[in-house]
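Accompanying notes for the structure given below.
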Amino acid sequence: MEKKQLVSALERLANEGDNIVESAESRPISSFKSAMFCSFSSFMEWRSAVLTILKQNGLHQNEFANQIEKVSENTAARKVYVEAAVQQLKGLIKAYEQDYIEIENNNKAKGGVSDLENIFNKFTRVVRQLRSRHDNRETLTIKDEYDVQDLLHALLVLHFDDVRAEEWTPSYAGGCERMDFLLKDLQTVIEVKKTRSSMSKKELGEELIIDIEKYKVHPDCKQLYCFIYDPDGYLGNSSAIKNDLEKNHQGFVKIFIRPEV
């Protein structure tokens with residue numbers, strides 16, 4: 001958001017905060033005492049809107065924002081605390097206008113779906129490049145599923161800050177298992193497979209069906225990517241597996257089989 005536009009939006013919120021303060025009412029807090037309270041729901045809605053716009057625009061890492069965040073439901077929306085939160089917002093606006101506070105750099109490695117799919121699509125090219133080492137030096141040879149996971153992990157951290165390897169899944173069918181990777185910011189799980197001569201298409205499909213049902217109950221999984229590395233072409237034309245699984249789970253799962261035949 002442009003600076004002028006952001007300041008205008010924050011000033012509107014400050015005015016809304018003033019209105020909440022002005023509408024405060026006296027309520028008893030004991031048999032002998034009373035205090036001024038603002039509307040609890042109005043204040044919490046206002047506070048949420050303020051913190052959201054600050055975070056979206058990189059203005060949430062400063063003392064003004066910290067003080068606003070501290071004024072929570074624990075204060076029961078007492079007027080004195082709500083008024084203090086509004087004053088903190090006004091102080092933040094003034095400091096931002098005069099360039100006394102900086103916008104946090106949001107250009108860290110926070111990749112998206114396009115980055116993830118690009119990694120899958122170029123995985124085979126990376127494997128081939130690793131084979132061509134100077135002076136025949138040692139390299140990572142992809143022999144099994146663990147090798148695929150190691151290389152994929154290295155590629156993921158180039159684009160994503162929060163890559164969680166081997167997270168526990170909730171209990172499913174009587175036991176707990178580990179997932180391969182969780183991208184918590186994207187609420188995305190990545191399940192990795194490597195084909196082998198002893199695995200049939202049917203067995204692979206059955207494994208994936210179990211995985212899909214398992215991840216559907218995970219609170220952090222809104223999207224499941226199944227990356228299947230098939231360097232020896234054991235699956236042949238694998239479009240049937242891909243189409244059936246994606247079609248039957250209404251967008252929850254995406255299948256990437258690489259290299260494509």
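Summary of values
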| read-out | value |
| --- | --- |
| When each of K55/K254; K33/K79; K193/K242 is checked by Cα-Cα distance, pairs over 19 Å | K55/K254 |
| Theoretical gain in end-to-end length, T139 to Q250 [0.36 nm per residue, Cα-Cα removed] | 36.0 nm |
| Theoretical FRET efficiency, 1/(1+(r/R0)^6), r = Cβ-Cβ of H153 and K4, R0 30 Å, to 0.05 | 0.10 |
| Selected from I119, I142, I29 as most flexible by GNM, with the chain as the system and alpha-carbon contacts under 10 Å | I29 |
| For Cα Rg over 2.2 N^0.38 Å, calculated from these coordinates, the label among (i) 1.02; (ii) 1.17; (iii) 1.44 | (iii) |
| Lys, Arg +1 and Asp, Glu -1 on Cβ, resulting dipole of the chain about Cα centre, debye, nearest 20 | 160 |
| Where labels lie 7 Å past Cα in the beta-carbon direction, separation of S197 and V261 in nm | 1.7 |
| Candidates K143, K33, K222: whichever shows maximal mean-square fluctuation once the chain is modelled as a Gaussian network with Cα springs under 10 Å | K33 |
| Angle in degrees between helix 79-97 and the longest Cα principal axis of the chain, rounded to the nearest 10 | 70 |
| Alpha-carbon spread of the stretch 146-261, three principal axes, descending order, Å | 34, 32, 25 |
| The chain: antiparallel DSSP beta bridges as a percent of all, rounded to 5 | 50 |
| Choice from V157, V189, V82 with maximal GNM fluctuation in the chain (Cα, 10 Å cutoff) | V82 |
| Furthest towards positive pole of dipole, V192, V261, L54, structure part the chain, Cβ charges | V261 |
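Just so you know, all these numbers are worked out from the coordinates, no wet-lab data involved. Bear in mind the structure is a predicted one, so any value in this text is a computation, not a measurement. Note: ideal-geometry Cβ built from the backbone for every residue, glycine included; neighbour counts use all protein chains shown.
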